[in-house]
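The values are calculated or read from the model by the stated rules, or taken from the named source; none is laboratory data. Everything quoted here is computed from the prediction, not taken from an experiment. Please note: Cβ atoms are built from the backbone with ideal geometry, for glycine as well, and neighbour counts cover all protein chains shown.
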Amino acid sequence: MAALRCVVQSAVRGASCFSRGVSKSCLHRSSKFSRSFGVSAANHTERRFSEKHEWVTVEGKIGTVGISQHAQEALGDVVYVQPPDVDLDLNQHDECGAIESVKAASEIYTPVSGKVTEVNKALEDKPALVNSSCYDEGWIFKLELKNPDELKSLMDEKAYEEFLKSSGH
């Protein structure tokens, strides 16, 4: 598992196995996986963030959208998620849903333009997935991108972390 984690982190974030405390044999044991992963990762963009704390990842023409770790921590325990309707056409930064927690409510804004193709049905029964797994199981909706160039206007993870620091978060 450590080898898999190392290869995935290296491919996605450019991290070194050695900086994560994984042995040199990590690279040797995982070299076949690394080569095949590199090919499939080419169609998957890194996570991009908006100033309103939503994120998007893209695979092919489909973007997956959720809220950031910072946003879910600020909200507290999420008790309800209202995603946008499937087939809804959205423009970048449109308000398209809502999240309610025990201490606050917040709107959801789409970081990119597109047509909603799917919503995360698991959030109907388990809205707390937004807290426990905001970047994986807690995604909110998927959309077919209308303008992939909009991704350039969003922040990568490093820029988002700097944005949080500079804005006092």
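Structure values in brief
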quantity: Test for E150: is it of a type outside the set (K, R), surrounded by fewer than 16 Cβ atoms within 10 Å (Cβ to Cβ) and not in a strand (DSSP E or B); calculated: no
quantity: Unmet criterion (only one of (1) surrounded by fewer than 16 Cβ atoms within 10 Å (Cβ to Cβ); (2) under 14 Å from the mean Cα position of the chain (by Cα)) for Y160; calculated: (1)
quantity: Segment 45-87, subset assigned to a loop (DSSP other than H, G, I, E, B) and in contact with a Lys or Arg (Cβ under 7 Å, 6 or more places away or on another chain), residue modelled with the highest pLDDT; calculated: D87
quantity: Criterion violated by E107 - all others in (1) surrounded by fewer than 21 Cβ atoms within 10 Å (Cβ to Cβ); (2) part of a loop (DSSP other than H, G, I, E, B) satisfied; calculated: (2)
quantity: Residue within segment 124-138 that is closer than 14 Å to W55 by Cα and in contact with an Asp or Glu (Cβ under 6 Å, 6 or more places away or on another chain) present; calculated: no
quantity: Pairs with Cβ under 6 Å, 6+ apart, first in segment 123-136 and touching a residue at least 60 places away in the same chain (Cβ under 8 Å), second in a helix (DSSP H, G or I) and of a type outside the set (D, E, K, R); calculated: V130/Q72; C134/Q69; C134/Q72
quantity: Evaluation of P127 against (1) out of contact with any helix residue (DSSP H, G or I) (no Cβ under 9 Å at 6 or more places or on another chain); (2) surrounded by fewer than 16 Cβ atoms within 10 Å (Cβ to Cβ); (3) within 18 Å of S101 (Cβ to Cβ) (one fails), failing number; calculated: (2)
quantity: Single unsatisfied condition, L143 versus (1) closer than 14 Å to T57 by Cβ; (2) outside any strand (DSSP E or B); calculated: (2)
quantity: Criterion (assigned to a loop (DSSP other than H, G, I, E, B) and of a type outside the set (A, V, I, L, M)) met by exactly one of C134, C96; calculated: C134
quantity: Pair list, Cβ < 9 Å and 6+ apart or interchain, from segment 67-83 residues that are over 11 Å from A128 (Cβ atoms) to residues that are part of a loop (DSSP other than H, G, I, E, B) and among the acidic types (D, E); calculated: none
